[in-house]
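The values are calculated or read from the model by the stated rules, or taken from the named source; none is laboratory data. Since we're looking at a predicted model, the values are computed, not measured. Positions of Cβ are backbone-derived with ideal geometry, glycine not excepted, and every protein chain shown enters the neighbour counts. Accessible surface areas use protein heavy atoms only, side chains included; no ligands, DNA or RNA. Shrake-Rupley method; radii C 1.70, N 1.55, O 1.52, S 1.80 Å.
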Amino acid sequence: RIGEVTSDSAIVWMRVTRHSERNHDGLDLRGKGGDRTVPDGVAVDSLEGAAPGAPGQVRFRYATDPNLSDPIATPWTDVSSQADYSHQFRLSDLNPDTLYHYAADTSGPNGSPVHDSLRGSFRTAPSAGSQHDFTFVVVTCFMYAEMGARDGFRIFDTIREMNPSFAIFTGDNVYYDNENPRATTPAVARYHWHRMFSFLKHTQFFLSVPTYWQKDDH
């Protein structure tokens, strides 16, 4: 994900997963009420929608050239279970109102094996004081139990087709306490995020639409 974009900076969030796709099978515990927990003896990583992380390394390359010739590249950085196998890169010294193309690179521990890169783009904000027309989208709450399609919320495709400059997420994206399975451990709490944002519709959206998130969102 690309977030908190300004005229000269952005924050990149990356995560290494154990598998290239979410778990489409497994025990499906979705439902409202939050009164059902993960049964004893069932691993969270085996649930429907699970996207367990894996130790490895991440790097971010970006340039104004779509072919990424002579890109700026961050150092390879290790990820571990301490931050759920994720890392944030803070980009600076970007040019205002500029379209950047990027490759999000990941690998296994010590750089091997190297995985296929994810490619995307984002545009920085205009300079302060300048006037521009732009389109943006405000998104409120999501509930997994109300998913309208097997491959994610259709609204993500609709928004992407609008080609907005950015999207603002203002509501609850997951519910630890009133949606099943009720989050009784950090692993289950993270699982709520994994299953919500590992759909192909959702990941494709975040590759091309910068986002801003409500700071106190849980």
Considering only region 104-218, give the strands (runs of 3 or more DSSP E) lying wholly within it that have at least 1 residues that are without any contact (Cβ under 8 Å) to a residue 40 or more places away in the chain and over 18 Å from the mean Cα position of the chain (by Cα). 136-139
Boolean, Ala50 is more than 26 Å from Ile168 (Cα to Cα) and in contact with a helix residue (DSSP H, G or I) (Cβ under 9 Å, 6 or more places away or on another chain): no
Exactly one of (1) crowded, with 16+ Cβ neighbours inside 10 Å; (2) closer than 21 Å to Ile2 by Cα; (3) of a type in the set (Gly, Ala, Ser); (4) out of contact with any Lys or Arg (no Cβ under 8 Å at 6 or more places or on another chain) is unmet by Ser198. Its number? (4)
Only residues in region 79-101 that are in contact (Cβ under 8 Å) with a residue 60 or more places away in the chain count as the first member; pair them with residues that are of a type in the set (Asp, Glu) and surrounded by 14 or more Cβ atoms within 10 Å (Cβ to Cβ), Cβ under 8 angstrom, at least 6 apart or cross-chain, and list the lot. Ser92/Asp8; Asp93/Asp8; Leu94/Asp8; Asn95/Asp8; Pro96/Asp8
Need the failing condition index for Ala50 against (1) assigned to a loop (DSSP other than H, G, I, E, B); (2) open to solvent by 20 Å² or more (accessible area, probe 1.4 Å); (3) more than 30 Å from Gln131 (Cα to Cα), just the number. (2)
If you take the residues of region 53-65 that are assigned to a loop (DSSP other than H, G, I, E, B) and in contact (Cβ under 8 Å) with a residue 40 or more places away in the chain, which of them is most open to solvent (accessible area, probe 1.4 Å)? Pro55
Being in contact with a strand residue (DSSP E or B) (Cβ under 6 Å, 6 or more places away or on another chain) and crowded, with 16+ Cβ neighbours inside 10 Å is the filter; apply it to region 122-142 and report the residue that is modelled with the lowest pLDDT. Val139
Counted residues in region 36-47 being exposed (fewer than 14 other Cβ atoms within 10 Å of the Cβ) and hydrophobic (A, V, I, L, M, F, W, C) come to 1
From the option list Arg154, Arg150, single residue qualifying as farther than 29 Å from Thr37 by Cβ, open to solvent by 30 Å² or more (accessible area, probe 1.4 Å) and basic (Lys, Arg) is Arg154
Please specify each residue of region 69-93 satisfying the condition of being open to solvent by 70 Å² or more (accessible area, probe 1.4 Å), more than 30 Å from Ser130 (Cα to Cα) and of a type in the set (D, E, K, R). Asp78
If Leu94 satisfies all but one of (1) touching a helix residue (DSSP H, G or I) at 6+ places or on another chain (Cβ under 8 Å); (2) aliphatic (A, V, I, L, M); (3) not in a strand (DSSP E or B), what's the number of the condition it fails? (1)
Just checking, does region 94-105 include any residue being out of contact with any strand residue (DSSP E or B) (no Cβ under 7 Å at 6 or more places or on another chain) and open to solvent by 70 Å² or more (accessible area, probe 1.4 Å)? yes
